[in-house]
Ligand code: ATP
Ligand code: MG
């Protein structure tokens with residue numbers, strides 16, 4: 001049983017004013033509620049209340065890992081450079097990797113992630129297919145020298161991560177563990193009370209990586225995503241784009257004079273047609289310097305990642321390069337392009353029989369240019385950045401846009417590390433093979449911030465009971481009164497006996513200060529004990545989530561909370577709601 005937390009003794013310095021450099025609610029409120037303090041850019045201390053929350057998040061994560069058979073270990077935070085040279089990442093990782101040299105001149109780094117270390121750990125002892133699969137995890141501080149540490153725990157330099165790694169003899173076995181991990185990550189999000197989406201981080205096309213990011217939806221999340229009520233969700237950068245391109249039908253191709261028209265918007269207005277009927281052209285070159293022109297529907301943007309997938313090494317042409325290639329900025333089209341220029345068009349344009357496009361001549365456009373007759377397309381590809389309103393690739397309904405915070409990610413690594421680091425096992429057929437690996441990470445401290453982003457109001461944090469620093473705060477008013485304090489103490493003990501974690505605000509403070517702090521800290525339930533109420537045998541109970549208040553008979557308070565206690569232990573995220581139903 002957790003001891004009753006006495007706020008008169010707690011090191012929980014709350015702040016009345018907003019810290020000046022905190023932009024996000026989670027950053028601001030975790031500081032104001034006395035849960036953490038900043039020590040330097042991207043470096044934070046967790047104070048007692050914040051530590052309780054962090055420990056609870058970690059406990060949920062660890063429990064879900066244990067439940068799927070992953071085994072906890074602890075690896076060193078400081079890692080030898082040698083293994084990073086083996087994987088090639090000593091050179092590839094860049095300045096985010098913090099490096100150091102010990103007194104003997106040996107190089108090390110501060111662990112930003114542990115693929116190298118775990119691979120070197122198991123490679124000499126995991127020897128046979130009979131020992132596979134194995135999943136190992138740790139929950140540990142990571143260090144990444146982020147270029148822009150910001151938003152408090154959201155993007156810090158030192159942060160707590162749960163990282164897991166799995167080793168397999170076959171792809172099927174990896175897939176099984178990957179699915180188990182994904183399931184565990186879904187349950188972790190649910191138990192934290194998060195509103196979340198599992199996002200395809202890569203569109204899964206050939207050569208694409210198998211990975212899923214779990215995003216907590218939040219107005220100020222760093223990631224832009226699209227999602228659908230059918231459950232589909234994708235990173236806006238990587239999601240498949242299915243949009244409506246329309247046809248401006250003419251009686252054959254006609255050249256029109258379009259003086260001063262250079263943008264899609266100007267063309268659409270000039271012709272009096274929707275932007276979806278105008279084809280946007282972008283010119284670039286491939287890795288060998290060959291010129292390529294991309295066409296996309298006028299209301300969409302060419303996506304960089306997709307352009308590179310279609311044309312490896314793709315780079316946009318500069319104005320000078322366009323000029324010397326004989327291309328007209330603001331009036332490019334597929335008809336009459338210079339010899340040797342390749343045309344790649346977005347797949348959404350495939351069924352558009354006639355295009356409104358540039359005429360490769362300043363001040364002129366073509367309308368009714370016939371695909372396959374007046375011009376030829378050399379290749380079709382998914383090229384556009386997906387946006388809200390486009391069709392869901394899974395069900396066809398209109399996609400919605402949202403922003404998200406990446407709280408966790410699962411990843412099929414394959415043999416990238418085992419091959420480069422010589423980590424092999426003896427397979428059933430007697431041959432040595434590299435392990436097939438997976439890696440899986442949860443941002444434990446970032447998840448805590450994500451919860452605050454989703455659950456707060458002007459007064460402060462609103463913790464889900466599953467990770468609140470304590471479930472109930474008993475607030476005695478008029479502490480010097482002979483009756484109030486003992487009564488509050490008795491209530492706290494009774495609630496504790498039901499299995500709740502209880503705090504008591506026994507500070508010699510005014511009622512207003514206690515109410516403000518209770519709301520700021522975000523205890524899910526407040527039990528206010530005052531002299532007048534006690535005289536009538538009553539206490540006031542406040543549900544932080546809704547702000548609702550109700551008087552309860554003191555005598556029956558504990559028995560009325562029995563159901564909530566059961567709900568809490570059954571894993572209910574908001575077990576007190578039923579009291580006010
Ligand atoms: P991001 O894209 O946000 O930089 P990442 O994809 O590089 O994150 P991973 O390597 O997937 O991060 O790490 C696993 C988890 O660790 C992330 O899903 C995230 O929750 C957390 N994390 C990563 N970087 C940070 C950071 N700078 N501060 C806090 N948490 C972080
Ligand atoms: Mg990630």
Exercise. Tell me which residues, restricted to the range 63-81, are touching a strand residue (DSSP E or B) at 6+ places or on another chain (Cβ under 8 Å), surrounded by fewer than 17 Cβ atoms within 10 Å (Cβ to Cβ) and in a helix (DSSP H, G or I).
Key: 66
Practice problem: Give the residue that is farthest from the chain's Cα centre (by Cα), with candidates limited to residues of the range 152-191 that are away from ligand 1 (no atom under 12 Å from the Cβ), more than 15 Å from residue 439 (Cβ to Cβ) and buried (at least 19 other Cβ atoms within 10 Å of the Cβ). | Solution: 169
Exercise. Identify, from the list 415, 431, the residue that is away from ligand 2 (no atom under 16 Å from the Cβ), surrounded by fewer than 23 Cβ atoms within 10 Å (Cβ to Cβ) and more than 15 Å from residue 128 (Cβ to Cβ).
Key: 415
Quiz item: Any residue at all in the range 116-124 that is assigned by TED's automatic domain parsing to the domain that holds residue 42, surrounded by fewer than 18 Cβ atoms within 10 Å (Cβ to Cβ) and at pLDDT below 95?
Solution: yes
Self-check item: Residue in the range 302-328 that is farthest from the chain's Cα centre (by Cα), counting only those that are part of a loop (DSSP other than H, G, I, E, B) and either surrounded by fewer than 15 Cβ atoms within 10 Å (Cβ to Cβ) or outside the structural domain of residue 260 (by TED's automatic domain parsing) (or both)
Solution: 326
Quiz prompt | Identity of the residue in the range 162-179, more than 16 Å from ligand 2 (Cβ to nearest atom) and in a strand (DSSP E or B), that ends up farthest from residue 441 (Cα to Cα) | solution = 168
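Could you tell me whether residue 552 is closer than 25 Å to residue 455 by Cα and either assigned to a helix (DSSP H, G or I) or touching a strand residue (DSSP E or B) at 6+ places or on another chain (Cβ under 6 Å) (or both)?
Answer is no for this residue.
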Quiz item: If you scan the range 147-161, which residues turn out to be away from ligand 2 (no atom under 13 Å from the Cβ) and in contact (Cβ under 8 Å) with a residue 40 or more places away in the chain?
Solution: 147, 149, 150, 151, 152, 153, 154, 156, 157, 158, 160
Exercise. Run down 49, 43 and say which single residue is within 17 Å of residue 467 (Cα to Cα) and touching a residue at least 60 places away in the same chain (Cβ under 8 Å).
Key: 49
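Listed here are the residues, each with its yes/no results for (1) in a helix (DSSP H, G or I); (2) farther than 30 Å from residue 126 by Cα.
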site: 430; (1), (2): no, no
site: 474; (1), (2): no, yes
site: 478; (1), (2): no, yes
site: 482; (1), (2): no, yes
site: 490; (1), (2): yes, yes
site: 493; (1), (2): yes, yes
site: 508; (1), (2): no, yes
Self-check item: Condition met for residue 441 (assigned by TED's automatic domain parsing to the domain that holds residue 48, closer than 30 Å to residue 85 by Cβ, under 26 Å from the mean Cα position of the chain (by Cα) and away from ligand 1 (no atom under 16 Å from the Cβ))
Solution: no
Quiz item: Which members of the range 387-428 meet the condition of being part of a helix (DSSP H, G or I) and within 16 Å of ligand 1 (Cβ to nearest atom)?
Solution: 416, 417
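Residues are listed down the side, and each one gets a yes or a no for (1) at negative phi; (2) surrounded by 15 or more Cβ atoms within 10 Å (Cβ to Cβ); (3) not assigned by TED's automatic domain parsing to the domain that holds residue 58:
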{"position": "475", "(1), (2), (3)": "yes, yes, yes"}
{"position": "482", "(1), (2), (3)": "yes, no, yes"}
{"position": "540", "(1), (2), (3)": "yes, yes, yes"}
{"position": "549", "(1), (2), (3)": "yes, no, yes"}
{"position": "563", "(1), (2), (3)": "yes, no, yes"}
{"position": "567", "(1), (2), (3)": "yes, yes, yes"}
{"position": "571", "(1), (2), (3)": "no, no, yes"}
Quiz item: So which residues in the range 282-291 are surrounded by fewer than 21 Cβ atoms within 10 Å (Cβ to Cβ) and not in a loop (DSSP other than H, G, I, E, B)?
Solution: 282, 283, 285, 291
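What do you reckon, is residue 491 crowded, with 18+ Cβ neighbours inside 10 Å and more than 30 Å from residue 194 (Cβ to Cβ)? Talk me through it step by step, then tell me what you get.
Working: crowded, with 18+ Cβ neighbours inside 10 Å: yes; more than 30 Å from residue 194 (Cβ to Cβ): yes.
When the stated conditions are applied, residue 491 passes them.
Yes/no matrix, rows are residues, columns are (1) within 19 Å of residue 422 (Cβ to Cβ); (2) touching a residue at least 24 places away in the same chain (Cβ under 8 Å):
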residue	(1), (2)
87	yes, yes
93	no, no
96	no, yes
112	no, yes
115	yes, yes
121	yes, yes
134	yes, yes
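The values are calculated or read from the model by the stated rules, or taken from the named source; none is laboratory data. Computed from a prediction, not measured in an experiment: that's the story for all the values here. As a convention, Cβ positions derive from the backbone with ideal geometry for all residues, glycine included, and neighbour counts pool all protein chains shown.
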